[in-house]
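Sharing a structure with you now.
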Amino acid sequence: MYSLTDTIIACSSPPGRGAISIIRISGGDLTELFKKIGIKKIGNKESLVKELQLNNDFKEKCVLTFFKSPNSFTGEDVLEINCHGNPLMVEIIINFFLKIGCRKAGPGEFTMRGFLNNKISFLEAEAIDDLISAESEEQLLASAKSLSGKFEKKVDEAIKDLKQLRVYAESNIDFSDQEILEDFDEFRRNLTIFIRKLEELISKTNSSKYLIEGVKVVITGPPNVGKSTLMNILTEEKTSIVSEIQGTTRDLVQKSCKINNINFSLYDTAGIHEGSSDPIEQEGIALAKSLLDKSDVVIEIVDNTSDDYFVNYKKPVIRVKNKIDISQDVSENRLNVSLLNRIGIKEIKDALFDTLNIPNQAKLISFSARSRHTELMKHSLNELKTAASLSSDKNLELIAEHLRRASNFIGEIKSPYSSDDLLGEIFSSFCIGK
Ligand SMILES: Nc1nc2c(ncn2[C@@H]2O[C@H](COP(=O)(O)OP(=O)(O)OP(=O)(O)O)[C@@H](O)[C@H]2O)c(=O)[nH]1
Ligand SMILES: [Mg+2]
């Protein structure tokens, strides 16, 4: 965790050359620093032009703008320095300020101070990061919606609903062994309604997460069924070697593609079968299996020779039967396709969206979100489901405990206070100067 009392400095504009660069300084009180650079007086939101003597050789005329605490992004005193847009100049200016009492800011440290000083909520901070990192109009739109509070409102609603459930459980603990509580059934109904609401929110949050972070797809199945053929079709180039020889793909082959403006990270893998005596293929199979755990969705392909192939992936799965041009024997539980003849490609693409509940137009996604949010919601959901499985009012104490934990998980979406290290870790994924 960073020290919160230091005066920090970083370049906040992109690295490289340009008309101007912006360096930002933030600290509890910049009065001493101002004295050191010869500023006698500067008011909130006032700018002045000042020539700084940076070292024996260099002077630079800068525009300095002051934001007085708490009226700044970090909530502290902030000085913004505009200088000529040259990375060497920026370095000399930063070195000058390091010598007179500043410290280099870590990634996301300005934003973290803004959060800790209640200038922005945690979800706003994440949305700002998403907005800056957005690579498509859809991502930009979704993070702008989050920044305007759309996601936070949903989380607030969940927190409020959960609070009501907890109030009931906790206030009735003492009465539960006296007589059957009259309104216990209603409480259970409300709990079920809330579980459904949270499941819906998780599904929406998931599709937002996929928009921001992309979707990890593993193409798997027995050997020689057309996995690499599908890889090449989806990536629209010869990414993997295709051949009629069984066991062609041994390594993991990864390539990204965009479908309906969502990024899909595709993994072509070695065909999984038990009988391999080739140590390299065996290693490829082990790699393919380990990747399944990390995927968001699995595309399992079989062909007419492996119809009864079945694996329980514990992941959303799209089951495909390829080569229907050879065998007319279609499988009821699979998408029947002929990749060679480009039949069924659209169905596979559509299935990716349907299986993951992603709207097929990315601009319909309601807000931006991250794995951190979906994971916390899923933990919360597990606690709620355990609470709901305790069907007697005699278990009210235990129910209350599970609700408390569910509530902590949801609360952590907005305030990941549980550990300072975690807070530092989250902000450190932001860029320097932000
Ligand atoms: N008839 C027919 N052949 C196909 C079809 N799709 C792929 N093939 C052929 O099946 C063979 C195997 O295709 P690949 O894409 O290499 O299969 P794979 O699953 O990646 O194979 P491994 O990497 O060895 O596990 C190639 O000769 C393809 O041309 C199809 O729809 N119909
Ligand atoms: Mg292959």
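The values are calculated or read from the model by the stated rules, or taken from the named source; none is laboratory data. In this text the structure is predicted, and so the values were computed from the model without any measurement. FYI the Cβ positions are ideal-geometry reconstructions off the backbone, even for glycines, and counts take in every protein chain you see.
Looking only at segment 53-103, how many residues end up being farther than 26 Å from residue 119 by Cβ, in contact with a strand residue (DSSP E or B) (Cβ under 7 Å, 6 or more places away or on another chain) and assigned to a loop (DSSP other than H, G, I, E, B)?
Summing the residues that are farther than 26 Å from residue 119 by Cβ, in contact with a strand residue (DSSP E or B) (Cβ under 7 Å, 6 or more places away or on another chain) and assigned to a loop (DSSP other than H, G, I, E, B) in segment 53-103 gives 1.
From the list 248, 269, exactly one residue is without any contact (Cβ under 8 Å) to a residue 60 or more places away in the chain, near ligand 1 (Cβ under 9 Å from one of its atoms), among the polar types (S, T, N, Q) and more than 24 Å from residue 213 (Cβ to Cβ). Which is it?
248
Could you please find all residues in segment 328-339 being buried (at least 16 other Cβ atoms within 10 Å of the Cβ) and either within 16 Å of ligand 2 (Cβ to nearest atom) or without any contact (Cβ under 8 Å) to a residue 24 or more places away in the chain (or both)?
335, 336, 337, 338, 339
If you scan segment 241-250, which residues turn out to be of a type outside the set (Val, Ile, Thr) and near ligand 2 (Cβ under 10 Å from one of its atoms)?
Matches in segment 241-250: 243, 246, 247, 250.
Quick grid of which residues meet (1) closer than 30 Å to residue 137 by Cβ; (2) assigned to a loop (DSSP other than H, G, I, E, B):
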residue: 318; (1), (2): yes, no
residue: 341; (1), (2): no, yes
residue: 348; (1), (2): yes, no
residue: 360; (1), (2): yes, yes
residue: 367; (1), (2): yes, yes
residue: 374; (1), (2): yes, no
residue: 384; (1), (2): no, no
residue: 396; (1), (2): no, no
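Does segment 330-357 hold any residues that are within 16 Å of ligand 1 (Cβ to nearest atom) and either under 18 Å from residue 260 (Cβ atoms) or among the aliphatic types (A, V, I, L, M) (or both), and which are they?
330, 335, 337, 339, 340, 343, 344, 345, 346, 347, 348 - these are the residues of segment 330-357 that are within 16 Å of ligand 1 (Cβ to nearest atom) and either under 18 Å from residue 260 (Cβ atoms) or among the aliphatic types (A, V, I, L, M) (or both).
Within segment 264-288, count every residue that is at pLDDT below 95, more than 15 Å from ligand 2 (Cβ to nearest atom) and either crowded, with 21+ Cβ neighbours inside 10 Å or not in a helix (DSSP H, G or I) (or both).
Counting residues in segment 264-288 that are at pLDDT below 95, more than 15 Å from ligand 2 (Cβ to nearest atom) and either crowded, with 21+ Cβ neighbours inside 10 Å or not in a helix (DSSP H, G or I) (or both) gives 3.
With 100, 93, 120 as the choices, which residue is within 26 Å of residue 372 (Cβ to Cβ) and surrounded by fewer than 23 Cβ atoms within 10 Å (Cβ to Cβ)?
Going through 100, 93, 120 in turn, just one is within 26 Å of residue 372 (Cβ to Cβ) and surrounded by fewer than 23 Cβ atoms within 10 Å (Cβ to Cβ): 120.
If you don't mind, another one. Looking at 216, 227, 238, 209 in this structure, which one is within 16 Å of ligand 2 (Cβ to nearest atom), under 25 Å from residue 300 (Cβ atoms) and surrounded by 14 or more Cβ atoms within 10 Å (Cβ to Cβ)?
227
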